[in-house]
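**Q** Quick one: the structure is below, questions incoming.
The values are calculated or read from the model by the stated rules, or taken from the named source; none is laboratory data. The model shown is predicted, which means the values in this text are computed figures rather than measured ones. Backbone-built Cβ (ideal geometry, glycine too); neighbour counts: all protein chains shown. These area figures cover heavy atoms from the full protein model, side chains too; ligands, DNA and RNA do not enter into them. Shrake-Rupley method; radii C 1.70, N 1.55, O 1.52, S 1.80 Å.
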Amino acid sequence: VNAEKYYLRAIQLNPNYTNAYFNLSALKIDSSSKLLTEMNKLGTTPADTKKYDALKKQRDELLHVILGYLEKTVSLDDKNMDAKSALVSVYNALEMTDKAKALKAQIKK
């Protein structure tokens, strides 16, 4: 939480600070992974299904936040391959396959 606060402050001071956006996305990706792990541990009972749906909604919201940070990172630094690779993964997780394919093709060039 403290790191997030500092990255947001860095962006406030310098809206073009690429590393702050990328590092924020990394923090959020870690949270997203924890949610996914929790989702994968659930069974198929009605209660588990309800919990799964709630966690999925939470994760999708988080992925949209990550998407914004990564798209901003790539817009500021088009040569940042780590950000582009992470962005492809987020596009795939959000079932944005057309965007994922287009970016993947751009990376291969």
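**Q** Going by the structure shown, is Asp30 under 11 Å from the mean Cα position of the chain (by Cα) and without any contact (Cβ under 8 Å) to a residue 40 or more places away in the chain?
**A** It is true that Asp30 is under 11 Å from the mean Cα position of the chain (by Cα) and without any contact (Cβ under 8 Å) to a residue 40 or more places away in the chain.
**Q** Sticking with this structure for a sec: Within region 41-86, take every residue that is among the hydroxyl-bearing types (Ser, Thr, Tyr) and without any contact (Cβ under 8 Å) to a residue 12 or more places away in the chain and give me the one that is most open to solvent (accessible area, probe 1.4 Å).
**A** Ranking the candidates gives Thr44 first.
**Q** Within region 41-51, identify whether any single residue is within 13 Å of the chain's Cα centre (by Cα), farther than 22 Å from Asn2 by Cα and at pLDDT 95 or above, and answer yes or no.
**A** Taking every residue of region 41-51 in turn, none turns out to be within 13 Å of the chain's Cα centre (by Cα), farther than 22 Å from Asn2 by Cα and at pLDDT 95 or above.
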